[in-house]
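Colleague: Structure below; questions to follow.
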Amino acid sequence: MTIALHYVFDSPNDKIIWDVGHQAYAHKLLTGRKSKFHTLRQHKGLAGFPKSNESAHDIFDTGHSSTAISAALGIAAARDLNGWASKVIAVVGDGALTGGMSFEALNHAGSLKKDLLVILNDNEMSISKNVGALSSYLSKLVTKPGYAEMRKKIENILGKLPGIGKKASKALGVEETIRALATAPGLIFRELGFNYFGPVDGHNLGELIKALRNIRQLKGPILFHIITKKGKGYRFAEADRTRFHGIAPFNIENGERMHKSSVTYANAFSGCLTKLAGENDKIIAITAAMKSGTGLEHFAKAFPERFFDVGIAEQHAVTFAAGLAKNGYRPVCAIYSTFLQRAYDQILHDVCLQNLPVIFAIDRAGLVGEDGPTHHGNFDLSYLRHIPNMTIMAPKDENELGHMLKTALELHGPAAIRYPKGAGSGVAIENPYHSLEIGEAEVVQEGKDLAILAVGPCVDLANKAADKLKKSKISSTVVNARFVKPLDEKLIISLAKKPGKLITVEENALEGGFGSCVLELLEKNSIKANVKRIGIPDSFIEHGSTNVLKDGIGLTEGNIIKTAESLLR
């Protein structure tokens, strides 16, 4: 597909927009980046997604799904306003069509009638199957040069004939109806205003080139449906498409991962939720096309009737959960932090405004590494904590995650639990789980010189920094905040008064994050204290290993120690 696109079209004059961007690796190889391809997803190397500042051939930065058709339509509209001559192509995977934004864009494009080509790269055959020779014949027939022009001429001639004119459209509709029935998805795209062609074998280069050459000459919105096989050519990827969608380093010979990971936060969450669901038949698990990523496969097998994968539709997931909560169920939405951003309005209006007991299990909170700025979960504390009725928790380890989930399930309103990507700290997971006192922090270490208030896994950083500070005769109180909303006001106020020197540590944007909560609390109570905040600065953090990224922004033991020493000078 990618070779055919670049063979037929003239990039970057012709604009190719890739949905999500995982599809764009071959595109990167063909557009001058082969020599740097070994740096893919590494710090200062090539990005894992299209990046317009990386190449003129990357027309639009895409990381989240279902955005390409909207962006392509905007680019096509700008082209026409400027009077430019170029083709605009959006390449979308079939999974992207589970997102409502794709259909909003298709609906708008069909009404605008702009010249726009949408290529549907269907690698799951989830929309339709190729139904054989008739489909191929009709597809080739209607993509031949001059077909559209010939059809228009016939329509004009028939329209002028007495007694036949009114029947002309019906007569011409016969061919399109046959084609729509022969290729089932054609019907819905045709009704949205698109000319539909396909399905075509996406691994047949000659057929693709012929079809694209013919389609290139047509006007108006066009949808070209191709069938591909995910992982084609590598048998391990063909056999396990889910695991190989995104994978850590692996042995090419046998497909096995190089390093076996320990228990992850996602695994701990899934185990806890499954156990609690066995005790409470009102618990529902919801995810947005991330059953594997959120660790919910086990829950889905244990309670299939209480598991819902809504596709790439986070907005729908949240309001769907609200409907369940309104009727006595306890829905748990397991969604990555970066994707939950897309459902902000639904969280506010459909859940929090009605004070409904929906739980948000926010995976991939904080820096996620190689996926970069489109996927870092840096903002959830900031975009959730100002919403009334919301309770927000962050576990220091995978064991505390279980206790927080039990606590959230006992609340009479919405709650969010945010936790990072990857392996936990390896602590033993207690069973049974116990409830936490709402808004109560945990004092991990006691000291007299300063206090370090940390959120989530940053508690471990704070502990290690405090241990090293002891060597310099500096005594620190270390607090596991547990709750970002509500705060443990009594404890924080007492520490602000004595010792009066506070450091906050969080893996969230400093703007509006946990440190801001502490400052607002002190201001509200007219308390003066020396406060330093450590977290993610007001910038988009690029891709790279999490350790490298944390070093770059100062989210380290060393920076906590340096900050503590500066406070005491």
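The values are calculated or read from the model by the stated rules, or taken from the named source; none is laboratory data. Values in this document were obtained by computation on a predicted structure and should not be read as measured data. So basically every Cβ, Gly included, is an ideal-geometry build from the backbone, and we count neighbours across all protein chains shown.
Colleague: Is it the case that segment 26-41 has a residue that's in contact (Cβ under 8 Å) with a residue 40 or more places away in the chain, over 24 Å from L212 (Cα atoms) and surrounded by fewer than 19 Cβ atoms within 10 Å (Cβ to Cβ)?
Modeller: Within segment 26-41, one or more residues are in contact (Cβ under 8 Å) with a residue 40 or more places away in the chain, over 24 Å from L212 (Cα atoms) and surrounded by fewer than 19 Cβ atoms within 10 Å (Cβ to Cβ).
Colleague: On the basis of being surrounded by fewer than 23 Cβ atoms within 10 Å (Cβ to Cβ) and without any contact (Cβ under 8 Å) to a residue 40 or more places away in the chain, does K421 make the cut?
Modeller: No: the conditions fail for K421.
Colleague: Taking G447 as the residue in question, decide whether it is in contact with a Phe, Trp or Tyr (Cβ under 9 Å, 6 or more places away or on another chain) and either buried (at least 24 other Cβ atoms within 10 Å of the Cβ) or not in a helix (DSSP H, G or I) (or both).
Modeller: When the stated conditions are applied, G447 does not pass them.
Colleague: Between a first residue in segment 537-566 that is without any contact (Cβ under 8 Å) to a residue 60 or more places away in the chain and a second residue that is in a loop (DSSP other than H, G, I, E, B) and of a type in the set (A, V, I, L, M), which pairs have beta carbons less than 9 Å apart while being 6 or more apart in sequence or on different chains?
Modeller: P537/L510; D538/L510; G552/I541; I553/L367; I553/I541
Colleague: A further question follows. Among the residues of segment 450-476, which ones are surrounded by 23 or more Cβ atoms within 10 Å (Cβ to Cβ) and of a type in the set (S, T, N, Q)?
Modeller: Listed by number, the list holds a single entry, S476.
Colleague: Could you look through segment 267-305, keep only residues that are aliphatic (A, V, I, L, M) and out of contact with any Phe, Trp or Tyr (no Cβ under 8 Å at 6 or more places or on another chain), and pick out the one that is surrounded by the fewest Cβ atoms within 10 Å (Cβ to Cβ)?
Modeller: My answer is A302.
Colleague: Consider segment 307-331. How many of its residues are out of contact with any strand residue (DSSP E or B) (no Cβ under 8 Å at 6 or more places or on another chain), of a type in the set (V, I, T) and touching a residue at least 40 places away in the same chain (Cβ under 8 Å)?
Modeller: 1
Colleague: Do we find a residue being farther than 21 Å from T98 by Cβ and touching a residue at least 60 places away in the same chain (Cβ under 8 Å) anywhere in segment 255-262?
Modeller: Yes, segment 255-262 has at least one match.
Here's the yes/no breakdown for (1) part of a loop (DSSP other than H, G, I, E, B); (2) in the same structural domain as G21 (by TED's automatic domain parsing); (3) modelled with pLDDT of 95 or more:
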position: G63; (1), (2), (3): yes, yes, no
position: A72; (1), (2), (3): no, yes, yes
position: L97; (1), (2), (3): no, yes, no
position: L117; (1), (2), (3): no, yes, yes
position: N130; (1), (2), (3): yes, yes, no
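Colleague: Among residues belonging to segment 424-435 that are farther than 18 Å from E279 by Cβ and among the hydrophobic types (A, V, I, L, M, F, W, C), point out the one that is surrounded by the fewest Cβ atoms within 10 Å (Cβ to Cβ).
Modeller: A428
Colleague: Then there's this: In this structure, is H6 assigned to a helix (DSSP H, G or I), more than 15 Å from H543 (Cβ to Cβ) and either assigned by TED's automatic domain parsing to the domain that holds G93 or not hydroxyl-bearing (S, T, Y) (or both)?
Modeller: So H6 passes the test.
Colleague: Scan segment 509-530 and give yes if some residue there is modelled with pLDDT under 95 and either hydroxyl-bearing (S, T, Y) or touching a Cys at 6+ places or on another chain (Cβ under 9 Å) (or both), otherwise no.
Modeller: No, segment 509-530 contains no residue that is modelled with pLDDT under 95 and either hydroxyl-bearing (S, T, Y) or touching a Cys at 6+ places or on another chain (Cβ under 9 Å) (or both).
Colleague: Please go through segment 513-534 and give me each residue that is in a helix (DSSP H, G or I) and either in contact with a Ser or Thr (Cβ under 7 Å, 6 or more places away or on another chain) or on the phi > 0 side of the Ramachandran plot (or both), ordered by number.
Modeller: Within segment 513-534, F514, G515, V518 qualify.
Colleague: Right, here's the next one. In segment 484-515, which residues are closer than 19 Å to C458 by Cα, out of contact with any Phe, Trp or Tyr (no Cβ under 7 Å at 6 or more places or on another chain) and either surrounded by fewer than 17 Cβ atoms within 10 Å (Cβ to Cβ) or touching a residue at least 60 places away in the same chain (Cβ under 8 Å) (or both)?
Modeller: Result: K485, P486, K501, I503, E507, E511, G512, G513, F514.
Colleague: May I ask you to list the residues in segment 99-115 that are crowded, with 22+ Cβ neighbours inside 10 Å and either within 24 Å of A317 (Cα to Cα) or modelled with pLDDT under 95 (or both)?
Modeller: Passing the criteria: G99, S102, A105, L106.
Colleague: On the given criteria, is K51 crowded, with 18+ Cβ neighbours inside 10 Å, free of Cβ contacts under 8 Å to residues at least 12 places away in the same chain and under 27 Å from I227 (Cα atoms)?
Modeller: The answer is yes for K51.
Colleague: Checking the structure you have, find out if any residue of segment 475-482 is among the polar types (S, T, N, Q) and in a helix (DSSP H, G or I).
Modeller: No, there is no match, as no residue in segment 475-482 is among the polar types (S, T, N, Q) and in a helix (DSSP H, G or I).
Colleague: If you scan segment 304-346, which residues turn out to be at pLDDT 95 or above and aliphatic (A, V, I, L, M)?
Modeller: Correct list: A317, V318, A321, A322, L324, A325, V332, A334, I335, L340, A343.
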